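Notes for the one structure printed next.
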Amino acid sequence: MRTVMGWEHLHAPDLSGGLVVLTGGSDGLCQEAALQLARWGADLVLPVRTPAKGEVVRERIARETGREDAVRLVRLDLASMASVREGASAIAEAVGDRGIDVLVHGAGTVLRRREETADGFERALAVNALAPQLLTTMLQPLVRDRIVLVGSHAHKTGRIDLEDMDFARGRWSISASYGRSKLTAMLWALDLAESLRGTGVDLQIAHPGWVLTNIQNATGSAALDTLVTEVTRPIAMPAARGAESVLFAATQPLPHGSYIGPDGPMGNRGRPTLLRRSAAANDLDLARRVTEWADRRIAAV
């Protein structure tokens, strides 16, 4: 019988008494991940941009698990570094001396057109890469066990240009923007994984696969979004299946710095397994330079 992590031999982990901070929990596959983590006994802190959406998720988890106090919500907008700082402080206050067992960066965005945040960052880069880096920097002293970044095979199409990371001069496209943001995030994670060696905290990266969620509706046309959804439905996975790789990465004993994703063709669907990332995403020197660039940009706002 297939389990929620895809493999029949994997027993449900007991997360009773554990605390998980999970971004992206108000939507899609990370909402399903949040529900499953709560079913396994974890207490959750969900940073959310829209409190009303977060409340819907909190009520769903309470209803389906019978655990009224399983979820705490914290207001946090990943497109604003000021909001990330405020949210991180609120999270630290909420968890107190209890600390964080697992920090999961699940939130992500795909843009229909180039946008800049109030901080002057290209929005996908801010949400998918810079915000997780800043949030981790602020919360890392509280993390006891594991940090999980939701990456993507789209990183393989990404290109790093440290002179124009925001596409201020270069040609912007949906795929170029998303690919760069995911490669940037995975390079930061690679650099962080190196710095975490010997600390007792490990890092994992999870690629969910092709999942039927709102994130693929980025063409700018409702009709075309509907067409894309219908055409890809035979190969895409529902949100609960997409959550399998995230849950696997968050709870299973794994080699430090692993990249987890579906075992099917092109990593689009299947059961969680160890995957290979691109050569660029394994470049330690590039990872260091990207992390240093991001640190400077974040510190400037």
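The values are calculated or read from the model by the stated rules, or taken from the named source; none is laboratory data. Keep in mind that what you see is a predicted model, and the values were worked out from it rather than measured. Glycine also receives a Cβ, built like all others from the backbone with ideal geometry; neighbour counts cover every protein chain displayed. Surface accessibility is based on the protein's heavy atoms, side chains included, excluding ligands, DNA and RNA. Shrake-Rupley method; radii C 1.70, N 1.55, O 1.52, S 1.80 Å.
Look at the dipole of the chain built from charges on Cβ: of Val45, Ala185, Gly6, the Cα furthest out on the positive end belongs to Gly6. Placing R0 at 41 angstrom, the Cβ-Cβ distance between Ser278 and His9 gives a FRET efficiency of 0.85 after rounding to 0.05. Between the amide H of Thr273 and those of Gly261, Asp263, distances stay under 5 Å, these residues lying 5 or more places away or on another chain, with hydrogens modeled in the peptide plane. Solvent exposure of the chain amounts to 43 Å² per residue of accessible area, where only protein heavy atoms count and the probe is 1.4 Å.
Spin-label model, Asp295/Thr137: points 7 Å from Cα along the beta carbon direction are separated by 0.8 nm. Put simply, the amide H of Val211, placed in the peptide plane, has neighbours under 5 Å in Met237, leaving out anything fewer than 5 places away on its chain. First measure r as the distance between the Cβ atoms of Asp161 and Ala62, then evaluate 1/(1 + (r/R0)^6) with R0 = 51 Å and state the FRET efficiency to the nearest 0.05. Computed FRET efficiency for Asp161 and Ala62 comes out at 0.65.
Given a 1.4 Å probe and the protein chains all in place, what does the accessible area of His9 round to, in Å² to the nearest 10? Accessible area, nearest 10 Å²: 130 Å². Model label points for Ile174 and Arg288, set 7 angstrom from Cα along the Cα-to-Cβ axis, are 3.8 nm apart. Leu125: net charge of surrounding residues, Cβ under 13 Å, Lys/Arg +1, Asp/Glu -1, itself excluded? Spelling it out: positives minus negatives among the neighbours equals -1.
For the pair Arg112 and Asp69 in one chain, pulling the backbone fully straight at 0.36 nm per residue adds 11.8 nm over the alpha carbon distance.
Measuring nothing but protein heavy atoms, the accessible surface of the chain at 1.4 Å probe radius is 52 percent carbon and sulfur.
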